[in-house]
Amino acid sequence: MSINMVSSVPWTKSFFPLWFWNKTRVLLTHHYRYHHRHSPLSDTDMTEEGVVVSLQEWQGWGTNSPLPTMVSQIVEDLKVLEEDLDAHMNFGGNGGKLQGNFRVQEDKKHRATYQALGDSEKKLQFYSARQIACRILGSRGYLCQKCWLPMEDCMCSKVTSCSLYPGIRFWLYMHPKDFLRQNNTGKILWQVFGVDAATLCLFGIPEHEEIMWNSLKMAGKSNVWCLYPNKNAVLKSVQNVFGEEPVARDEVAPSKLKVDTTQHFILIDGTWSNSAAMFRRLQDKAKSVWGDEDLACISLNPGASAMHKLRPQPSWDRTCTAAAAAGLLSELQLLPQFSSFELEKQAEAVEHALTVLLDALTNRRLRMGRSITRKMRHTNIQ
């Protein structure tokens, strides 16, 4: 992204006062030429020909959070624009993008709204919410909500669920352009472990980022780690972090480990070009919460994921999100204090789901007459 979208202000409710949402709503109202209805949406409200996104539908895509305010707002704005233009929204192509004349008119409206917003933070929130709103509407009735694959290619029946060791929690910090992406692998983690053990946090969505950072602040900096191979960050191996002071099994009971020393691992889930901005945002937020020190990063032993066949990485020391999680669990399993928690079985469950995803995507490409190999993309990211 070309915009500096880093904020150093803590994500608290006071950071999003009423005037912010009111100002944004006024801008949206002006550009979409309608007066917003002030009645709140119920959890099951599917009026306006099914365009309104209910809480049930929102959470069905892989989250347990409330429906983000701006996502709901933009969905309603799209419906009103549809009525004003007397044209139906049509979606198609990669990412379920808007099509036809409606796309042209909506593009003019949203660009005007974006430019009218006052700063990069508000622009990021609008950008992310619009991406997510359009992807939900474009995927409705087409993609399976659990696996994000077309209904005819659903892989859910082949994925085996597994309980994650309660002393570990994953945070999937996902770019909005990866949300509902068919070959995204981060979704596998909550398919296997559940949304409480592997929690989705969408980049630029304030409700999601607030939930994540509230949990991280409670956990404390010493229990928060980011899996990101940034050469400018202070990198430590799993052995460096957890192997220096081994804990004897009879010294600390598993129940105490769950309460006091749950380790929170942030996995940045986006393309490598987008991940740089996401990592900077995490670093700036961490400094605002804990001081000048960088967010601690963990590097994993190199290893190729099965998904390399369909989604090549810029180098062999980088891998997809789900494979990184499986690699972390495998390396932790080798340490004495984690050896009794069956982390290898949990890693195997993720790897199996990755293989299932690869097979589903491969079969779909073959059925559609598309190539099952892709050229390696080069990148300058360090």
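The values are calculated or read from the model by the stated rules, or taken from the named source; none is laboratory data. The structure displayed is predicted, hence computed values, not measured ones. Don't worry about glycine lacking a Cβ; one is built from the backbone with ideal geometry, like all the others, and counts go over all protein chains shown. Note: accessible area is taken over every heavy atom of the protein model, side chains too, but ligands, DNA and RNA are not part of it. Shrake-Rupley method; radii C 1.70, N 1.55, O 1.52, S 1.80 Å.
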Quick test of your reading of the structure: S65 fulfils all but one of (1) open to solvent by 30 Å² or more (accessible area, probe 1.4 Å); (2) closer than 30 Å to E348 by Cβ; (3) of a type in the set (S, T, N, Q). Name the failing condition by number.
(1)
Taking into account only those residues within region 94-104 that are open to solvent by 20 Å² or more (accessible area, probe 1.4 Å) and touching a helix residue (DSSP H, G or I) at 6+ places or on another chain (Cβ under 9 Å), which is modelled with the lowest pLDDT?
G95
Reported set for region 297-344 where residues are of a type in the set (D, E), part of a loop (DSSP other than H, G, I, E, B) and at pLDDT 95 or above is E342
In region 203-212, anything within 16 Å of V289 (Cβ to Cβ), crowded, with 21+ Cβ neighbours inside 10 Å and either of a type in the set (A, V, I, L, M, F, W, C) or out of contact with any helix residue (DSSP H, G or I) (no Cβ under 9 Å at 6 or more places or on another chain) (or both) is listed as M212
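Condition check ((1) assigned to a loop (DSSP other than H, G, I, E, B); (2) within 26 Å of M151 (Cα to Cα)) across all residues:
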site: Q59; (1), (2): no, yes
site: N64; (1), (2): yes, yes
site: V71; (1), (2): no, yes
site: D84; (1), (2): no, no
What are the residues in region 194-226 that are out of contact with any Phe, Trp or Tyr (no Cβ under 7 Å at 6 or more places or on another chain) and in a helix (DSSP H, G or I), if any?
E207, H208, I211, N214, S215, L216, K217, M218, A219, S222, N223
Restricting attention to region 104-147, the residues that are without any contact (Cβ under 8 Å) to a residue 12 or more places away in the chain, within 15 Å of L81 (Cβ to Cβ) and not aliphatic (A, V, I, L, M) number exactly 3
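State the number of residues belonging to region 125-160 that are among the aromatic types (F, W, Y) and surrounded by fewer than 22 Cβ atoms within 10 Å (Cβ to Cβ).
Here the count works out to 2.
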